[in-house]
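Working notes, beginning with the structure itself.
The values are calculated or read from the model by the stated rules, or taken from the named source; none is laboratory data. Just so we're clear, the structure is a prediction, and the values are computed from it rather than from any experiment. For neighbour counting, all protein chains shown are included, and Cβ atoms are generated from backbone atoms with ideal geometry for every residue, glycine included. Calculation scope for accessible area: heavy atoms of the full protein, side chains included, ligands and nucleic acids excluded. Shrake-Rupley method; radii C 1.70, N 1.55, O 1.52, S 1.80 Å.
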Amino acid sequence: MSAPATRAKRAAYQAALLLLVPAFIILLGVFVIPMLYIFLMSFQDAKEQFTFDNYILFVKDPYYIGILWRTVKVSLLTVLCCLLLGYPVALFLSKASGKMRGFVTFLIISPHLISVVIRNFGWVVILGDKGWINTILMNLGLIEKPLRLLYNELGVVIGLTDAFIVYMVLSISTSLYAVDSSLFKAAGILGASKWTMFRTITLPLSLPGILAGTTLVFSLSMSAFVTPALMGGTSVKVLPVITYEKIMATLNWPLGAALAFLLLASTVVLVTVFSKLVETKRYKEVFAS
Amino acid sequence: MKALDVELIHIQKKFGNNIVVDDFNLQVEQGECISFLGPSGCGKTTTLNMIAGFLEPDGGELKIKGKLMNNVPSNKRELGMVFQTYSLFPHMTVAENVAYGLKLRKVPKAEIKQRVAKVLETVRLPQVADRYPKQLSGGQRQRIAIARALVTEPSLLLLDEPLSNLDAKLREELRDELKRLHKEIGVTTIFVTHDQEEALYLSDRIVVLSHGKIEQIGTPWEIYNEPATEFVHTFIGKSNKLTGEVLRAEGDRLLVQLDSGSTIEAPLRGKSFSGGEAVSVYIRPEHLSVSEGAAAAAGGSQLTGKVHLSSFLGSFTEFEVATGQETMTVRLPAMDRLRGLESGETVTVSWNPEHAFVFPRKEG
Amino acid sequence: MKIRIPWLGVITTLVCLMVISPFLVIVPVSFTSARYLSFPPQGFSLQWYQKILDRPEFTDAFLFSLQLAAVTAVVATLIGTLAALAIHKYNVPGKGFVTTLLMSPLTVPSIIIGIAALLFFTRIGLGGSFAGLLLAHILIAVPYVVRLTLTGLSSFDYTLERAAYIMGAKPFNVFWDITLPLLRPAILSGLIFSFLTSFDNVTVSLFLVAPDTTTLPLAIFSYMQETLDPLVASISSVVILLSLVFIFLLERVYGLDRLFGTNTQSH
Ligand SMILES: Nc1ncnc2c1ncn2[C@@H]1O[C@H](COP(=O)(O)OP(=O)(O)O)[C@@H](O)[C@H]1O
Ligand SMILES: [Mg+2]
């Protein structure tokens, strides 16, 4: 048995609980209860009777499966672009001097603090049919008619890559900063070439960063709404856009609620499967914390 | 008789099931400088924190100036405290740090200014008043921390290992400074340290602690020369250990047969032993003397052995002498004519029997 | 001679260019004298800035967004800082669990948070109200404040508080004179970050604004779906300027790299 708490201790403990009350009121009233509420609603039909129809509809209707597949495809492409572009940046950061590192980090992070709507508008100006890229290319005579860079999957992937690459860069660079640079000296003395060093030391040791960045960018892309809406137009409807329409336009709330949970569930399942694939036994032994 | 400033009566503290301070009894007189000495983890800080009011005892009574202090919050105890890590407020200048306690007491502005200036004089740092703690060296920070603790004229000054974050040279300098300050101001002081030299140098009395229990309370002289327990004797200073069994007592002497076969004698100092009891006999290196050649008769208060290592350490020279099963360290002043002893030479080590200490040996 | 191309540097430059390119086009476009979006931007005029003033739907939305973000920032910072203090300083039991719980809104896509809030608020009669919108913004800002304050507290030296107590300070003095000033950078960055979080938000506001009071990003979002003209550029430039001020403040007070953990919310 532990010693009985003194009066002062108990008072401090009660004060601590009191300090948590406002945060928990918000958490419960605006998050936990509403989430439970729409979870229950997703099992209701128009007459508020219990039903699985909203979920069955999704599985049976090829339209929704198609939407889900497109959402996953766009997200995977975004992850790929973020990885291919973000890894070199992370590598650059890990080798850069303190000042350079700070400057590049600032450049990559600060746009993230400006509304995504504004960034998407910039991209529309750059990528549109009469946008900067097409005008330049046509004036140079390289193309006859404008390239379709916008209002298709390409446009969405560009917008999402711009929005989320910061997470990939930061995840990977964090894991690279932790790599002991004496490892490279040791490998260099042993005669390893640059490529061998990358393949045998840098890449394996940055795997946790890649995994973290990948899952993060994937989850964010799956649930992104603004960028697909603005840069995908009416042709690239992803699951969040459809969900929005069901709620706000069709006013089919139970179906919208079900779609929201399907979005959440499919993201969780895919991320879990992916992590399980990467986290082999050896990986776990090496990176166990 | 002087007034009692601090009384700890059967104080006990537990963390979970772990008894960290057990049956702690101490009376501190006004103006005394007391140190808590013991190895790291023995409960010194915990005891000090109970006096400061940061921790409540699980049992016993704590009185300051005769008043019961259990459950009185720290801010009402009127104490001064200096921490190991200085703990100056980084967002306040030196003057603001020192003035903080006075401001809390609503002392008029003019008087604050004057008292801050005076206490900075006392710690000999009047020129840094407008600097921030970051801009001071470690030694300066600790002096300011001391000034901050003294400015409110506390009834009791508590110091928790105030010198252990400083390097050796500064540590000695600040040690002298603390001694001077204590003499000048005369504030009752409790001082925590794991450094025996610091404790011997600074304290009127030392409380030696081990595993949360008081081993001995005494003046530095008593602690050094009349250790109550084996722990106290070995924790303070270096000592040679000889093991053996009790043969018998003769008057105020105890005869001990060493494992090597020789018989030596040691004063009983009022303790009693039974025949055959396993004991350790300790003699400090500086209490040993050496003469060339084998002794006519080994035993009593001398042993014969061979020199196998000598180290010159500036003001003295240390020899290691193998006597049978034990190796004894002998410390001689550097000027001694025997400083040139060679390895392998046969010598006799002898001592005044009054300097030997016997303690029962725990088997294990 | 073989020329070695510094590939990492080249790609890094390209990526940096990519993330700032939207702003590099928006600002010049906003000063065009043309009546439509054209490349290259023609002439120089402030006409599109003047036109903002003729559009009450934007000026109102701008003011509304400022107010919403300011209130959100103050309330979220207060709530989040108190919660972080409870967790770190007073060592509440199960603090790992409590922290996870407080962070949980970050792990759910904000579109789902918006939907849940809309449906539930409508049910309890808060649909389309300012209170509902504000509560949802506070919900998504609090986790950031908690995280920032916890980071600030992790390096906090509690013996400083003890030093103040023993000098005679009452708990209130200790908090006001010592704890609060030392946590100022963390609290200030919580304030700025939650302001920006609220000011930039589209996905949650989308579901919760009343038809007549909309936020600025949402007004731009709706306008963009109908019309694309330099008016969007001039409004955006104003927002960019305002955001930059806050971003530099944040960099000075706290450092952007420290600010960004790897777990943040979607748009
Ligand atoms: N808050 C605490 N909770 C549990 N155990 C503690 C706590 N503080 C100290 N202890 C334990 O109490 C013992 C005494 O600690 P302390 O008084 O700090 O030792 P010292 O200051 O003599 O080095 C140590 O074993 C330590 O681990
Ligand atoms: Mg200690």
Inset, instruction - Mind listing the long-range amide H neighbours of B:L209? Cut-off is under 5 Å, sequence gap 5 or more, other chains count too, H placed in the peptide plane at 1.01 Å from N. - result: B:L37, B:G38, B:E215
Inset, instruction - Could you please report the charge total around B:R124, scoring K, R as +1 and D, E as -1 over all other residues with beta-carbon less than 13 angstrom from its beta-carbon? - result: -2
Legend entry - Point-charge dipole on Cβ atoms (K/R +1, D/E -1) for segment B:48-151, about Cα centre, debye to 20: 400 debye
Inset, instruction - Step through the residues of segment A:133-138 one at a time and calculate ³J(HN,Hα) from phi using the Karplus curve (6.51 cos²θ - 1.76 cosθ + 1.60, θ = phi - 60°), rounding each to whole Hz and writing x for Gly and Pro. - result: 5, 5, 4, 4, 5, 6
Inset, instruction - Would you mind computing Rg(Cα) / (2.2 N^0.38 Å) for segment A:74-135, counting N as its residues? - result: 1.41
Legend entry - Coordinate range along principal axes, alpha carbons of the protein assembly as shown, Å, largest first: 119, 73, 63
Inset, instruction - In whole angstrom, note down how far apart the Cα centers of segment B:129-182 and segment C:135-198 are. - result: 29 Å
Legend entry - Using alpha-carbon coordinates, inclination of helix C:230-253 to the longest axis of chain C, degrees: 30 degrees
Inset, instruction - Indicate the gyration tensor shape class of segment A:61-288 (rounded, prolate or oblate), computed on the Cα atoms with a ≥ b ≥ c the square roots of the eigenvalues: a/c under 1.5 is rounded; otherwise a/b larger than b/c is prolate and the rest oblate. - result: oblate
Inset, instruction - Please report how far the C-alpha centroid of segment B:1-27 lies from that of segment C:86-110, rounded to the nearest whole angstrom. - result: 39 Å
Inset, instruction - Treat every Asp and Glu Cβ in segment B:238-360 as -1 and every Lys and Arg Cβ as +1, leave all other atoms uncharged, and give the resulting dipole magnitude about the Cα centre to the nearest 20 debye. - result: 240 debye
Legend entry - Long-range HN-HN contacts of B:T219 with modeled amide H, under 5 Å: B:I206
Legend entry - Charge dipole (segment A:61-288, unit charges on Cβ, about Cα centre) - positive-most of A:F261, A:L203, A:A224: A:L203
Inset, instruction - Rank B:V232, C:Y144, C:L102 by how far each Cα sits towards the positive end of the charge dipole of the protein assembly as shown (+1 on Lys, Arg Cβ; -1 on Asp, Glu Cβ) and give me just the farthest. - result: C:Y144
Inset, instruction - Towards the positive end of the charge dipole of the protein assembly as shown, with charges on Cβ (+1 Lys, Arg; -1 Asp, Glu), say which of B:S289, C:A73, B:L120 has the farthest Cα. - result: C:A73
Legend entry - Charge dipole magnitude, Cβ of K and R +1, D and E -1 - chain B, Cα centre, debye nearest 20: 1860 debye
Legend entry - the protein assembly as shown, accessible surface, carbon-and-sulfur percent (1.4 angstrom probe): 61 percent
Inset, instruction - Check the straight Cα-Cα distances from A:K185 and name the lysines below 27 Å, setting aside those fewer than 8 residues away within the same chain. - result: A:K95, A:K99, A:K194, A:K284, C:K2
Legend entry - Mean projected area in nm² (Cα convex hull; one quarter of hull surface) for segment B:238-360: 7.2 nm²
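Within the set B:K179/B:K241; A:K276/C:K95; B:K44/C:K89; B:K169/C:K89; A:K73/A:K246, which residue pairs have Cα atoms separated by over 30 Å?
Among B:K179/B:K241; A:K276/C:K95; B:K44/C:K89; B:K169/C:K89; A:K73/A:K246, the Cα-Cα distance tops 30 Å for B:K179/B:K241; B:K169/C:K89.
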Legend entry - Residues with amide H under 5 Å from that of B:T317, placed H, sequence gap 5 or more: B:L332, B:A334
Inset, instruction - Quick one: what are the phi-derived ³J(HN,Hα) couplings along segment C:37-46, Karplus 6.51/-1.76/1.60 with θ = phi - 60°, whole Hz, x for glycine and proline? - result: 6, 9, 10, x, x, 9, x, 9, 7, 9
Inset, instruction - Check the straight Cα-Cα distances from B:K362 and name the aspartates and glutamates below 14 Å, setting aside those fewer than 8 residues away within the same chain. - result: B:E230, B:E245, B:E277
Legend entry - 19 Å Cα-Cα threshold exceeded, pairs from B:K76/B:K106; B:K14/C:K170; B:K13/B:K213; B:K118/B:K183; A:K47/A:K237: B:K14/C:K170; A:K47/A:K237
